[in-house]
1. Does the stretch 106-120 include one or more residues that are surrounded by fewer than 18 Cβ atoms within 10 Å (Cβ to Cβ), of a type in the set (Lys, Arg), at pLDDT below 85 and more than 28 Å from Arg68 (Cα to Cα)?
2. For Gly275, are the conditions met, namely being under 24 Å from Pro338 (Cβ atoms), small (Gly, Ala, Ser) and touching a residue at least 60 places away in the same chain (Cβ under 8 Å)?
3. For the subset of the stretch 273-331 comprising residues that are of a type in the set (Ser, Thr, Tyr) and within 18 Å of the chain's Cα centre (by Cα), which member is farthest from Leu40 (Cα to Cα)?
4. Need a quick list: helices (runs of 4 or more DSSP H) entirely within the stretch 167-259 having at least 2 residues that are among the β-branched types (Val, Ile, Thr).
5. Please list, ordered by first then second residue, the pairs with beta carbon atoms under 9 Å, 6 or more apart or interchain, first in the stretch 151-179 and farther than 21 Å from Pro247 by Cβ and without any contact (Cβ under 8 Å) to a residue 60 or more places away in the chain, second among the hydroxyl-bearing types (Ser, Thr, Tyr) and not in a helix (DSSP H, G or I).
6. Restricting attention to the stretch 29-61, which residues are of a type in the set (A, V, I, L, M, F, W, C), assigned to a helix (DSSP H, G or I) and farther than 21 Å from Thr138 by Cβ?
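The values are calculated or read from the model by the stated rules, or taken from the named source; none is laboratory data. Predicted, not measured: the structure shown is a model, and the values here were computed from it. Neighbour counts are summed over all protein chains in view; Cβ atoms, including those assigned to glycine, are modelled from backbone coordinates with ideal geometry.
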Amino acid sequence: MTTQTALAQARAGDDEAFRALTEPHRRELQVHCYRILGSLQDAEDAVQETLLSAWRGLSGFEERASLRAWLYRIATNRCLNALRDSGRRQRLMEATGGLTDAPEPSRRPEPIWLQPFPDELLEGLPDRAAGPDARYETKEAVGLAFVSGLQRMPPRQRAVLVLRDVLGFRAVEVAAMLETSEASVNSALQRARVALEAAPERGPGGTVPESPAQRRLLDRFAEAMETGEIDTVVELLAEDAWIRMPPEPLEYNGRPAIGAFMRSRPLWRDGGGEGPRLVPARANGQPAFAYYLPDPQADVWRIGGLFVLTLAGEEIAAITRFGEGGWLPWFGLPRTLPG
């Protein structure tokens with residue numbers, strides 16, 4: 001079936017033809033919405049709303065731009081609408097509680113709502129040729145440093161940066177998507193680039209372990225975490241490493257500060273003992289470990305969250321901890337492990 005035939009049939013109400021038109025774009029729209037929203041749950045909602053809006057509005061699609069560009073236009077504006085509901089985001093962050101007994105942090109940034117993104121959803125992502133203005137590769141633009149930096153920008157700026165520097169749409173195309181002028185797009189892009197460079201998370205990009213030494217580093221990290229050997233964990237860190245726990249506005253920098261923070265947590269028993277049980281995972285193009293905690297009422301271990309590691313050579317440059325949340329179903333991880 002040709003695109004024109006499928007388009008004609010979809011306009012006539014053929015939902016199978018509509019799915020044939022839109023399904024090749026669904027996965028990349030999900031990643032796009034995740035970059036802007038920082039939440040896998042919210043991204044999935046935005047994609048569903050995008051497809052519903054496209055189905056209802058297909059008769060008005062005038063083919064002045066490609067179907068893909070038209071879908072990106074709808075998806076981007078759905079994301080911006082979601083971000084305008086700032087009250088909902090604030091309620092979600094407040095519901096996470098707070099670490100009231102933690103040591104004084106190295107930095108207290110503005111809290112951001114951020115969830116991890118499973119690498120499985122990046123597999124098979126259509127290899128779209130980016131436009132000539134694109135600055136980032138697909139996986140780099142889903143790394144935690146990049147996505148965290150986006151969440152610290154005003155919504156319009158982050159949308160412009162993704163559309164221009166990640167997807168490579170031309171300024172005139174982005175202006176049409178956002179119903180604004182090219183001058184406004186170029187101004188927003190310049191401010192967004194400056195903001196991204198100034199984001200506190202900027203540093204080494206996420207990377208898969210590429211060498212036996214890096215794989216041994218991950219093995220040692222997992223073993224030390226499970227046995228509660230905090231000193232060993234600290235030795236594996238870069239001197240200027242960070243630990244972050246979005247949306248908690250607490251960040252610890254450097255080996256002494258991170259060690260002091262870890263020793264303050266009941267998660268570990270310093271000097272050897274029983275720590276959490278770890279299961280390897282992958283998130284945001286980076287190595288990760290789901291961690292499980294013993295249930296005092298049953299002979300099982302329940303998931304507590306996810307550690308995502310940023311590697312710099314043969315050291316750990318950052319640990320980002322995500323509490324158990326709505327992201328779990330997408331990772332295919334069990335909620336419990338046998339005791």
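1. No, the stretch 106-120 contains no residue that is surrounded by fewer than 18 Cβ atoms within 10 Å (Cβ to Cβ), of a type in the set (Lys, Arg), at pLDDT below 85 and more than 28 Å from Arg68 (Cα to Cα).
2. So Gly275 fails the test.
3. Filtering the stretch 273-331 for residues that are of a type in the set (Ser, Thr, Tyr) and within 18 Å of the chain's Cα centre (by Cα), the one farthest from Leu40 (Cα to Cα) comes out as Thr310.
4. Correct list: 171-178, 182-198, 230-235.
5. That search, which allows pairs on different chains as well, returns Asp165/Tyr136; Val174/Thr180; Ala175/Ser181.
6. Leu51, Leu52, Ala54, Trp55, Leu58, listed by residue number.
Condition check ((1) within 21 Å of the chain's Cα centre (by Cα); (2) surrounded by 13 or more Cβ atoms within 10 Å (Cβ to Cβ); (3) modelled with pLDDT of 80 or more) across all residues:
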| residue | (1), (2), (3) |
| --- | --- |
| Glu49 | yes, yes, yes |
| Trp55 | no, yes, yes |
| Phe61 | no, yes, yes |
| Ser66 | no, no, yes |
| Ala75 | yes, yes, yes |
| Ala82 | yes, yes, yes |
| Ala95 | yes, no, no |
